[in-house]
Every structure is written in structure tokens, then in C-alpha cells.
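Colleague: Quick one: structure below, then a few questions.
Computed from the coordinates by the stated procedures, all read-outs in this text should not be read as laboratory data. These numbers come from a predicted model, not from an experiment. Virtual Cβ from ideal backbone geometry, glycine too; neighbours counted across all protein chains shown.
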Amino acid sequence: MKARAFNPQVFLEFVSYSLFGGYMFYLVNSGQYLSYVTPRMKPYLYFTATVMMIWACTELFRLFRPQHKIRSFHCFVLVLPILFLLLPHSPLSTDNLTANYTGGSAFNQNMPDKANQQLPTSSSGVNASAGTPAPAESDISTSTGSQPDAEIPNTANSTPSDTQSNPQEDTVAGLSGMDAANKKITVDNDEFYPWIAEIYTNMDKYEGYTISITGFVFNDPEYLAEDEFVPARLAMVCCVADLVPMGMMCQYEKASELTVNTWVTVEGVIHKGRYEGQDEPQITVKNITPAQEVEGYIYPY
């Protein structure tokens, strides 16, 4: 019985489709795809991976079908992207970006419903500070010494029902960290964008509130004055190519002395300011402390 001829082109196609589809499944299931695209791309990645695996299976039926001329160059179209993803690469920071700071114009639309929105904020191998260590306690001033304290309601003569916060007020739009009785907001790292969107949308409501928020120092003089900086996170709208620093602008007389890309927790009072001709909520800084780096991007949409 004559042996059937092995087809090397079909074999290469089978390997290419299998590797590409399998690696796509791995990136999605492990969450590492968030280093490159936003969560809304997840179903498209699954679809692509499924199509690749189907193509790989169909190639098995042609594996021993003779072919006069062997071609293999087209297989590199799928192999090369995998090789680039597997090569060691450094995480992106603001030093790698060309986009400017995103101010209030990014929040003109209504705040997304957190209950129906996927908001992962951590992705493997991604950080915004590019390995910049946090500054020592002595390197950062912990108080401006000149800013007024946040307005605290007088509760000395209040009844318990007056001083206890309303549960509905403390869970604005499904968000945590709200202390309505003391007019204080503590922004959780996983709720960075939803809280900022909420404050931008209802800035009059939150004027005078004390806020605590963590981000890396962004104080590019091209966009900000000497007494301004942003405790920012990198926001991804579609893919890694459109990363942009996003956060709330802070008024701080020693802003120019802060080290770029170091991570800090800022505590201050929300006030209404202006940026590029638009009203926006800003922070009058009362206290700055070093913070641990928060890995991953934020995904506004």
C-alpha cells in the first residue's frame, strides 16, 4: 500500500492557527489582554480565537493531501504577532505617551452604570510608573500648612439620627467610600474612574467635600501651571495606543517639587475650578503621602 504524502504547508498552517488561537484564549482567560485592549474587546478576541481553532481543525483533513508547490511565507502573518507578544517588553509610563492630560471634557457624558460595567483595574505586567520607586516620607510635604480644613458639620447638639448617614447617600451610584455625614470621599483604587466621573457630573453637589485619592504624579508644565499637578491613572479608551493620564487637577504650592511618576495619596477639599475654559472640580491639597503603585489601567468605556 502506497503511503500518503505528508503536506508540510498544511502542517505549518495547522501549527500557526493553533498557536495563534490558543494564545488568544490564554490572553483572555488570564486577563493579560487588558495590557493591550479594553474589556469590551473580550468577545471579539474570543470570536477570533474560536475561528482560528476551527481553521486549525479543518487543516487536519488536508494534512496528507499532495500539493505540487509548497508555500509557507503566509504563515508568518500569524506567527510574528505571537513572537512580538512573547518578547520581553517594558510597561508603558507617561514618558512613553504623546497624548496630553484629559480634563473635564472627557466627562461630558453621563457616568456609566457601575453595576453593568466591567471595571477591572489590574492587568499583568502593566504599571504606570515604569518602576519608579515611591519617594521617602521626607521627600514629600505632608501638609501645605496654608489650606483651610474641610467643612465639617457641627454634630455636638445633633441627635443620633442626624449624625448617622443615610445609606442611600453613602452608596452613590453603587460606589463605596462615601461618608455623607462628614462630607468625605475615600476613592477606592478599583473605583477611580467611576468616582471621578460622578464628581465631574455633579460637581456642585460635592463642592466642599474632603477627598482622598491615589495616583501617580503628573505635572507636565506644557499643560499645567507650577502650582498644579494631577494624581493620575493611565486611561485606555480602545487600545494601548490611546493611553492618556486621567485624574482630578490639584492646587498645591509645591507641585513643581514633586517627582514625576511617583505614586502618592492626596487628601484635599473639592472646589470648582476651570481648565481650558471649562468648569471642573479640582482639589485644594491638604495632605500628600507616598503610596504603593497601583498596577493596571482604567477603562472609561
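Colleague: With respect to the numbered conditions (1) free of Cβ contacts under 8 Å to residues at least 24 places away in the same chain; (2) surrounded by 13 or more Cβ atoms within 10 Å (Cβ to Cβ), which one is the sole condition not fulfilled by Pro43?
Modeller: With respect to (1) free of Cβ contacts under 8 Å to residues at least 24 places away in the same chain; (2) surrounded by 13 or more Cβ atoms within 10 Å (Cβ to Cβ), Pro43 is out only on (2).
Colleague: Which residues, counting only those in the range 199-224, are in contact with a Ser or Thr (Cβ under 9 Å, 6 or more places away or on another chain) and closer than 14 Å to Ser256 by Cβ?
Modeller: Selection gives Val217, Phe218, Asn219, Asp220, Pro221.
Colleague: May I pose another question? For the range 231-264, give me the residue count where each residue is over 28 Å from Leu85 (Cα atoms), surrounded by fewer than 18 Cβ atoms within 10 Å (Cβ to Cβ) and touching a strand residue (DSSP E or B) at 6+ places or on another chain (Cβ under 9 Å).
Modeller: The number of residues fulfilling the criteria is 5.
Colleague: In addition: Mind checking which residues of the range 201-230 are buried (at least 20 other Cβ atoms within 10 Å of the Cβ) and among the small types (Gly, Ala, Ser)?
Modeller: Gly215
Colleague: So, one more: Determine which single condition Glu198 fails, assuming it passes every other condition in (1) assigned to a strand (DSSP E or B); (2) touching a Leu at 6+ places or on another chain (Cβ under 8 Å).
Modeller: Exception for Glu198: condition (1).
Colleague: Could I ask something else about it? For the range 282-301, give me each residue that is over 17 Å from Ile196 (Cα atoms) and without any contact (Cβ under 8 Å) to a residue 40 or more places away in the chain.
Modeller: none
Colleague: Read through the list (1) outside any strand (DSSP E or B); (2) hydrophobic (A, V, I, L, M, F, W, C); (3) more than 15 Å from the chain's Cα centre (by Cα), then give the number of the only condition that Met248 fails.
Modeller: For Met248, the exception is condition (3).
Colleague: How many of the residues in the range 1-40 are touching a residue at least 12 places away in the same chain (Cβ under 8 Å) and within 26 Å of Ala241 (Cβ to Cβ)?
Modeller: 21
Colleague: Next question, about the same structure. If Ala197 meets every condition in (1) in contact with a Cys (Cβ under 8 Å, 6 or more places away or on another chain); (2) within 25 Å of Met41 (Cβ to Cβ) apart from one, which number is that one?
Modeller: (1)
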